[in-house]
Amino acid sequence: MDNLRLGFLTPSSNTVLEPLIARLLHDTPDITAHFARFRVVAINLGADSRTQFDPEPILAAAELLADAKVHAICWAGTSGSWLGFAQDEALCAAITARTGIPATTATLALRDALRAAGARRLALVTPYLSEVQAAIIANLNAEGFEVAAERHLEDPGNYSFAEHSAPKVNALVESALDEAPAEAVSIHCTNFRGLPGAMAIEARRGALMLDSVALSVWGALNAAGRPVALPQGRLFQLKKE
């Protein structure tokens, strides 16, 4: 089988995503990750933040990834979770129309994974502001999911999200699970250090761990039509519906 090339659209100020994807794919040299950036520097519900996610700069970055003949393109960011799932769906359709390449996003992959697992009740852990967290919860509710517990850090980000340590993120997850039982935990930010501790927490607590970096890879593999059971927790055992 030919090598599989996965393309990832990356927030410009993100420093976590690329190293963690490299770690996820370390033992699969026939699967390679390729990145294109566009400007994202702050996360809130204001107009300036929203315009960061206007389609044209994202599509321009997707076209650069298409030059590498990637087999799928994933917007490895979570903006659709607060701007709405429909925005990400429209973006993916536009990417495919522009490049001919199947596309997904970290947020659409979260929805797909929850559905594949049959999980409806989750805990939500992010670094975001309260207004952003509330919008995410409302959108998840509209998709039929219940957020049983949540933790967030009131960080306006985006670069600063990476400055929170993995143990700090782990503690947020543990605290959310202590508050209320959940079938899954969404660590929803691709510039947040949730992945390093996710598998150990999953093994100990039983809840399916859905970290956005891992979801970006899982979603891209599925978009390419070539899912791979990476040894990185239960997520990569799930089959997209």
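When the residues of segment 125-139 are narrowed to those that are under 17 Å from the mean Cα position of the chain (by Cα) and assigned to a loop (DSSP other than H, G, I, E, B), which ends up farthest from Arg234 (Cα to Cα)? Among those residues, the one meeting the criterion is Tyr128.
Restricting attention to segment 132-149, does a residue exist that is acidic (Asp, Glu) and either over 21 Å from Thr10 (Cβ atoms) or surrounded by fewer than 23 Cβ atoms within 10 Å (Cβ to Cβ) (or both)? Scanning segment 132-149 turns up at least one residue that is acidic (Asp, Glu) and either over 21 Å from Thr10 (Cβ atoms) or surrounded by fewer than 23 Cβ atoms within 10 Å (Cβ to Cβ) (or both). Taking segment 17-34 as the range and being outside any strand (DSSP E or B) and touching a Gly at 6+ places or on another chain (Cβ under 9 Å) as the test, only Leu17 passes. Residues in segment 73-101 that are surrounded by fewer than 24 Cβ atoms within 10 Å (Cβ to Cβ), within 22 Å of Leu235 (Cβ to Cβ) and in contact with a strand residue (DSSP E or B) (Cβ under 7 Å, 6 or more places away or on another chain): 1 in all. Here segment 194-233 is the region considered, the condition is being under 14 Å from Ala119 (Cα atoms) and either of a type in the set (Val, Ile, Thr) or in contact (Cβ under 8 Å) with a residue 40 or more places away in the chain (or both), and the residue that is surrounded by the most Cβ atoms within 10 Å (Cβ to Cβ) is Leu210. Elements of the type helices (runs of 4 or more DSSP H) sitting completely within segment 35-101 and holding at least 3 residues that are over 25 Å from Ile137 (Cβ atoms): these cover 55-66, 85-99. Residue count for segment 157-193, restricted to those that are closer than 27 Å to Asp48 by Cα and crowded, with 17+ Cβ neighbours inside 10 Å: 13.
Scanning segment 2-54 for residues that are among the polar types (S, T, N, Q), out of contact with any strand residue (DSSP E or B) (no Cβ under 7 Å at 6 or more places or on another chain), farther than 19 Å from Ala72 by Cα and surrounded by fewer than 19 Cβ atoms within 10 Å (Cβ to Cβ) turns up Ser13, Thr15, Asn44, Thr51.
Of all residues in segment 24-64, those being farther than 14 Å from Cys92 by Cα and in contact (Cβ under 8 Å) with a residue 12 or more places away in the chain number 23. One residue stands out in segment 102-124 among those that are part of a helix (DSSP H, G or I) and of a type in the set (Gly, Ala, Ser): the one that is surrounded by the most Cβ atoms within 10 Å (Cβ to Cβ), namely Ala106.
One line per residue, one yes/no per condition, for (1) touching a helix residue (DSSP H, G or I) at 6+ places or on another chain (Cβ under 9 Å); (2) among the hydrophobic types (A, V, I, L, M, F, W, C); (3) over 29 Å from Phe145 (Cα atoms):
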site: Pro19; (1), (2), (3): no, no, yes
site: Ile31; (1), (2), (3): yes, yes, yes
site: Val40; (1), (2), (3): yes, yes, no
site: Phe53; (1), (2), (3): yes, yes, no
site: Pro57; (1), (2), (3): no, no, yes
site: Ile73; (1), (2), (3): yes, yes, no
site: Thr78; (1), (2), (3): yes, no, no
site: Ala86; (1), (2), (3): yes, yes, no
site: Ile95; (1), (2), (3): yes, yes, no
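Here are some conditions: (1) in a loop (DSSP other than H, G, I, E, B); (2) of a type outside the set (S, T, N, Q); (3) closer than 21 Å to Pro19 by Cα. Lys239 meets all but one. Which one does it not meet? Checking Lys239 against (1) in a loop (DSSP other than H, G, I, E, B); (2) of a type outside the set (S, T, N, Q); (3) closer than 21 Å to Pro19 by Cα, the one that fails is (3). The single condition among (1) over 30 Å from Pro29 (Cβ atoms); (2) in contact (Cβ under 8 Å) with a residue 60 or more places away in the chain that Glu150 does not satisfy is (2).
Values in this text are rule-based calculations from the coordinates and carry no lab data. The shown structure was predicted, so the numbers you read here are calculated from the model rather than taken from an experiment. As a convention, Cβ positions derive from the backbone with ideal geometry for all residues, glycine included, and neighbour counts pool all protein chains shown.
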